[in-house]
Amino acid sequence: MKIYLISPTHHNADGTLHKTTRYWTSGMTLPYLKRLTPPEHEVAMVDELFYDVDLESDADVVGVTAMGPQIARAYELADHFRARGKRVVLGGTWVTLTPEEALQHADAVVAGEAEFVWGSVLADLAAGRSRGIYRASEWHSLRELPRIDYRELPLLKWQAFQKSWLYRMYFHWPIVFSRGCPHPCEYCAVQTFYQRSFRTRPVDDVLADVETIKSLGGDRLLFLDDNPVARPQAAKELFRAMIPYKMKWASQSTINIARDEELLDLAARSGCVSLSIGLESVNADSLEGVKKGFNLRPRFERDLKAIRAKGIQVIALIMVGLDGDDLGTFGRTLEFLVDNKISFLKMFTPCPYPGTKYHADLQAQGRILSHDLRRYDYGSPLVSPLQMTADEMMDGFKHVYSKFYSLGAIARRLLPPPRHNWLETAAYAVANYKVNRYLRRNPDAWGTIS
């Protein structure tokens, strides 16, 4: 069969499709699915963030994978190809948590991980049948995963990487060490998807990917893991082994990395230059309300200072409009972020991801304001807050964003730079200035700036 794999883009607020020409990293799902596909099939793939989907493709099977902001476009594409008589398979986080809904738009749904079911899906479709929802009976051990051809990354501009030193410094090669997260955060689709399970790959397998990337000329990595330090001893083993490679890397992480001195030191020595940390809120009550009290709000200042002392930049992930938030939260949040020299901010409004406990609770309380899937973008008023109106939440959201990225705040946050990190600070200064310009041109921009 001819198989067409698609990673859809998302809609802008005006209904247009979001497009860009460059991005600082790339997903791995499409080339990974290609490697999982039996060799008798022909595979083409496209990421719609850069390229247009061939709506007239002659493929026999169209596979679409989607997370939250992409889901409306994923369903549009699925409906289009089915109307043309194509067989459609849907997968991804949203689809896994709402498989019955997704099946209304597809011939088959992959719920959960693909390794143990993708071959069966294709065999069934080739034979003219489908079981509908395909879900593996066990988690993959992550041992000896198929290795992708990194030159096929859908958002890698390979010729630019070969020719431009600036692009080489900008582009972060994606890599995976773990899957899942053991924490109980009620709003989180990841822990719901993985049922709070957590696994790591063998260190030698990860290092083989590092060596491949290094052989291609790459020296910057992005761990796509949701929480690579959830098992500290395993993370320490990996970080020790990475030290000789002299790579630079970024990742998501919980604030817990700062509470294990050896772990933080090994992360820095192995090349960590920035961490995206889900602080979520400066209010302890808000954290407790979504089962993230383990963040330990009273320790934030000392933890961030410890991370910065290691030369690591912090990208703060903050939600506003949680139940513990009031109108004073916005000012306190801005003051906290500037005083603690946060390098970059990604702010979110609460998003009731279907399938999570957070969604179920808000649905029961009648507090979900919109079921328009095009607006599940983390920067729209989807939930009715307890201590403010939705309009007040959005006004505060925009206020914090614009003030955080003001020129004065940028200078206060980035100077002096973390120890031994002048180059990274310069790169973040450029990124901050670009956001400043973007927000001045687009004052109603949605929240997931990246």
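All told, residue 399 falls short of being touching a strand residue (DSSP E or B) at 6+ places or on another chain (Cβ under 8 Å) and assigned to a helix (DSSP H, G or I).
Hey, any hits in the range 293-303 for a residue that's outside any helix (DSSP H, G or I) and touching a residue at least 12 places away in the same chain (Cβ under 8 Å)?
Yes, the conditions are met somewhere in the range 293-303.
Of all residues in the range 76-131, count the ones that are over 30 Å from residue 360 (Cα atoms) and either out of contact with any helix residue (DSSP H, G or I) (no Cβ under 6 Å at 6 or more places or on another chain) or of a type in the set (Asp, Glu) (or both). Total meeting the criteria: 18. The conditions of being in contact with a Ser or Thr (Cβ under 9 Å, 6 or more places away or on another chain), assigned to a helix (DSSP H, G or I) and at pLDDT 95 or above are met by residue 30. Residues that are within 27 Å of residue 144 (Cβ to Cβ), touching a helix residue (DSSP H, G or I) at 6+ places or on another chain (Cβ under 9 Å) and open to solvent by 10 Å² or more (accessible area, probe 1.4 Å) within the range 154-178 comprise 154, 156, 158, 176, listed in sequence order.
Scanning the range 441-449 finds no residues that are out of contact with any strand residue (DSSP E or B) (no Cβ under 6 Å at 6 or more places or on another chain), at pLDDT 95 or above and under 19 Å from residue 314 (Cβ atoms).
When 100, 113, 144 are screened for being part of a loop (DSSP other than H, G, I, E, B), surrounded by fewer than 17 Cβ atoms within 10 Å (Cβ to Cβ) and of a type in the set (D, E, K, R), only 144 passes. Please work out if residue 390 is among the hydrophobic types (A, V, I, L, M, F, W, C), out of contact with any strand residue (DSSP E or B) (no Cβ under 6 Å at 6 or more places or on another chain) and either more than 17 Å from residue 439 (Cβ to Cβ) or open to solvent by 80 Å² or more (accessible area, probe 1.4 Å) (or both). So residue 390 passes the test. Somewhere in the range 402-411, is a residue within 25 Å of the chain's Cα centre (by Cα), in a helix (DSSP H, G or I), at pLDDT 95 or above and hydrophobic (A, V, I, L, M, F, W, C)? Looking through the range 402-411, at least one residue is within 25 Å of the chain's Cα centre (by Cα), in a helix (DSSP H, G or I), at pLDDT 95 or above and hydrophobic (A, V, I, L, M, F, W, C).
The values are calculated or read from the model by the stated rules, or taken from the named source; none is laboratory data. Here the structure is a predicted model, which is why all the values come from computation and not from measurement. So basically every Cβ, Gly included, is an ideal-geometry build from the backbone, and we count neighbours across all protein chains shown. These accessible areas exclude ligands, DNA and RNA; they are computed on the full protein's heavy atoms, side chains included. Shrake-Rupley method; radii C 1.70, N 1.55, O 1.52, S 1.80 Å.
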